[in-house]
Amino acid sequence: MKVYINGKFFAKEDAKVSVFDHGLLYGDGAFEGIRSYNRLIFKLNEHVERLYETCHTLMIEIPMSKEDMGKAIASTLLENKLDNAYIRVIVTRGEGDLGLDPRKCYGKPGIIIITDKINLYAPELYQKGMEIITVPTVRNHAEALNPQLKSLNYLNNILAKIEANTSGYSEAIMLDTHGNVAECTGDNIFIVKKGKLLTPAQGRLRGITRDAVMELATENRISVEETTLTRHEIYNAQECFLTGTAAELIPVVKVDGRKIGAGTPGPITKKMLDAFHEVTKKDGMKY
Ligand code: PXG
């Protein structure tokens, strides 16, 4: 495996960054998770745009144009001869001293691109559906650390993941500071009620898979609404599924011990899963 670091490729064992990089010292940086299918990078422009937006808010100037970022991602995939891949793009603040102050970072922001294969969940879970729980850790308040930022500080989500894991679950629902459903630790959430798709309007990352599924629903004449959802609405939904680049689209059949609908993946979930697989086969940036 070859890893891209600041314009050069390194073997996995030599792919290293400085211990003085603020990305490591403070989680001061941004990332994206992207997928490619059959040599097509799915929603490349949307991911690159989100990465630059996160960095703009963090006041990290990526030393590369958006176009060149796309080219660097494609060249890393070609270097690794990967037709179907999971791509991790990381931008770090760069090297600095042992204080928080980003003005004292003397290094240029670092750019790292790792390409690999990952399957987040066992294939049978996509058929049977998964069971998830709500955890006590609430999603960051938007004015503390906005969930729109895909920053390198993912401790809010990791704490929630640990709570799910210690209770024997792989994924968790996180509530926002008002007690409404926000999202899962690494996925957005959708429910089906009266044949309509509903998904939280606030408190969550605006997932790119979420946007793609909303578009596909509209194309398939299924109405979608971004709204406020409580756990009560989730428990009493006809169907439920999660979306994310890593997990793709995965059915949920039980939440906090409550069966969702018939307790098996429902027809709209299956329709969206098929539509998603179809669109990833034909849409994307060729490399
Ligand atoms: N919410 C959060 C908090 C995320 O981190 C999503 C939603 C889905 O967004 P996209 O744009 O991918 O549809 C994410 C992204 C993992 C993992 O190991 C998950 C993400 C990123 C990195 C790792 O589960 N999810």
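The values are calculated or read from the model by the stated rules, or taken from the named source; none is laboratory data. All figures in this text were calculated on a predicted structure; none of them were measured in a lab. Glycine gets a Cβ as well: all are built from the backbone with ideal geometry, and neighbour counts include every protein chain shown. All accessible areas refer to the heavy atoms of the entire protein, side chains included, with ligands and DNA or RNA removed. Shrake-Rupley method; radii C 1.70, N 1.55, O 1.52, S 1.80 Å.
Flag: THR209 matches the condition of being closer than 18 Å to HIS277 by Cβ, outside any loop (DSSP other than H, G, I, E, B), within 14 Å of the ligand (Cβ to nearest atom) and touching a strand residue (DSSP E or B) at 6+ places or on another chain (Cβ under 9 Å). Being open to solvent by less than 20 Å² (accessible area, probe 1.4 Å), of a type outside the set (D, E, K, R) and in a loop (DSSP other than H, G, I, E, B) is a condition met by at least one residue of the stretch 183-191.
Looking at ALA201, is it within 15 Å of the ligand (Cβ to nearest atom), assigned by TED's automatic domain parsing to the domain that holds ALA247 and either open to solvent by less than 40 Å² (accessible area, probe 1.4 Å) or within 16 Å of PRO251 (Cα to Cα) (or both)?
Numbers: within 15 Å of the ligand (Cβ to nearest atom): yes; assigned by TED's automatic domain parsing to the domain that holds ALA247: yes; either open to solvent by less than 40 Å² (accessible area, probe 1.4 Å) or within 16 Å of PRO251 (Cα to Cα) (or both): yes.
Yes: the conditions hold for ALA201.
So which residues in the stretch 212-233 are within 16 Å of the ligand (Cβ to nearest atom) and in contact (Cβ under 8 Å) with a residue 40 or more places away in the chain, if there are any at all? Matches in the stretch 212-233: ALA212, VAL213, LEU216, ALA217, LEU229. Checked against the criterion of being more than 30 Å from THR230 (Cβ to Cβ) and either of a type in the set (D, E, K, R) or in contact with a Ser or Thr (Cβ under 9 Å, 6 or more places away or on another chain) (or both), the stretch 124-139 has at least one qualifying residue. Applying the condition of being more than 8 Å from the ligand (Cβ to nearest atom) and among the small types (Gly, Ala, Ser) to the stretch 25-50 and asking which residue is nearest to the chain's Cα centre (by Cα) yields ALA30.
Go through the residues of the stretch 108-125 one by one and say whether even a single one is away from the ligand (no atom under 15 Å from the Cβ), farther than 30 Å from GLY7 by Cα, open to solvent by 20 Å² or more (accessible area, probe 1.4 Å) and part of a loop (DSSP other than H, G, I, E, B).
Residues of the stretch 108-125 away from the ligand (no atom under 15 Å from the Cβ): 108-111, 123-124.
Those still in the list that are farther than 30 Å from GLY7 by Cα too: 123-124.
Of the ones still in play, those that are also open to solvent by 20 Å² or more (accessible area, probe 1.4 Å) are 123-124.
Narrowing further to those that are part of a loop (DSSP other than H, G, I, E, B): none.
Taking every residue of the stretch 108-125 in turn, none turns out to be away from the ligand (no atom under 15 Å from the Cβ), farther than 30 Å from GLY7 by Cα, open to solvent by 20 Å² or more (accessible area, probe 1.4 Å) and part of a loop (DSSP other than H, G, I, E, B).
Residue by residue through the stretch 163-185, note down the ones that are away from the ligand (no atom under 13 Å from the Cβ), of a type in the set (S, T, N, Q) and closer than 14 Å to ARG139 by Cα.
Going residue by residue through the stretch 163-185, those that are away from the ligand (no atom under 13 Å from the Cβ) are 163, 166-169, 175, 177-180.
Filter again for of a type in the set (S, T, N, Q), leaving 166-167, 177, 180.
Passing the criteria: THR177, ASN180.
So for the stretch 153-162 (the condition being closer than 30 Å to ASP28 by Cβ, open to solvent by 10 Å² or more (accessible area, probe 1.4 Å), outside any helix (DSSP H, G or I) and within 13 Å of the ligand (Cβ to nearest atom)), does at least one residue qualify? Yes - at least one qualifying residue is present in the stretch 153-162.
What about ALA144, is it out of contact with any Leu (no Cβ under 9 Å at 6 or more places or on another chain) and either closer than 19 Å to TYR235 by Cβ or not in a loop (DSSP other than H, G, I, E, B) (or both)? No: the conditions fail for ALA144.
Any residue at all in the stretch 269-276 that's assigned to a loop (DSSP other than H, G, I, E, B) and open to solvent by 70 Å² or more (accessible area, probe 1.4 Å)? It would help to see each step written out before you state the result.
Filtering the stretch 269-276 for residues assigned to a loop (DSSP other than H, G, I, E, B) gives none.
Looking for residues that are assigned to a loop (DSSP other than H, G, I, E, B) and open to solvent by 70 Å² or more (accessible area, probe 1.4 Å), one finds none in the stretch 269-276, hence no.
Among the residues of the stretch 236-261, the ones that are within 16 Å of the ligand (Cβ to nearest atom) and of a type in the set (A, V, I, L, M, F, W, C) come to 8 in all.
As a summary of the residue check, ALA172 satisfies the conditions (1) open to solvent by 60 Å² or more (accessible area, probe 1.4 Å); (2) touching a helix residue (DSSP H, G or I) at 6+ places or on another chain (Cβ under 6 Å) except for the one numbered (1).
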